[in-house]
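Data block below; observations after.
The values are calculated or read from the model by the stated rules, or taken from the named source; none is laboratory data. Everything quoted here is computed from the prediction, not taken from an experiment. Methodologically, a virtual Cβ is constructed for each residue, glycine included, from the backbone with ideal geometry; neighbour enumeration extends over all protein chains shown.
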Amino acid sequence: MDFSAALELMKHEGRRMARRSWIQSGKYVYLEPESACITPDNLDRVLEAHLRFVTAGSTVQAGVQPSHAGLLAEDWYDIDAETQG
């Protein structure tokens, strides 16, 4: 599927998405929903929804943007759908 369809699944169904061309297994992207956070000036603020990337090493990168190649790719897939059956 393309990134547009992948983004819709992340936004509306909370799905985790990956690309078939990624060589290392275990990597995926998901949408972190809007939440509250306390900033260093001790104010309660809104942390807007953003994409997060889970690396092959199991760390999480916040606020990621797909590359141009990723935005145009047709190899995105729903890893949750594949693990369910």
Exactly one of these conditions fails for Tyr28: (1) surrounded by 12 or more Cβ atoms within 10 Å (Cβ to Cβ); (2) out of contact with any strand residue (DSSP E or B) (no Cβ under 6 Å at 6 or more places or on another chain); (3) of a type in the set (Ser, Thr, Tyr). Give me its number. (2)
From the list Ser25, Ser4, Ser67, which residue is polar (S, T, N, Q), at pLDDT below 95 and under 18 Å from Asp78 (Cα atoms)? Ser25
Name the residues in the range 10-57 that are touching a Phe, Trp or Tyr at 6+ places or on another chain (Cβ under 9 Å) and in contact (Cβ under 8 Å) with a residue 40 or more places away in the chain, would you? Met10, Arg15, Arg16, Met17, Ala18, Arg19, Arg20, Tyr28, Leu51
Does Glu13 count as acidic (Asp, Glu) and under 16 Å from the mean Cα position of the chain (by Cα)? yes
Can you find, within the range 1-23, the residue that is surrounded by the most Cβ atoms within 10 Å (Cβ to Cβ) among those that are within 17 Å of Thr55 (Cα to Cα) and out of contact with any Leu (no Cβ under 6 Å at 6 or more places or on another chain)? Met17
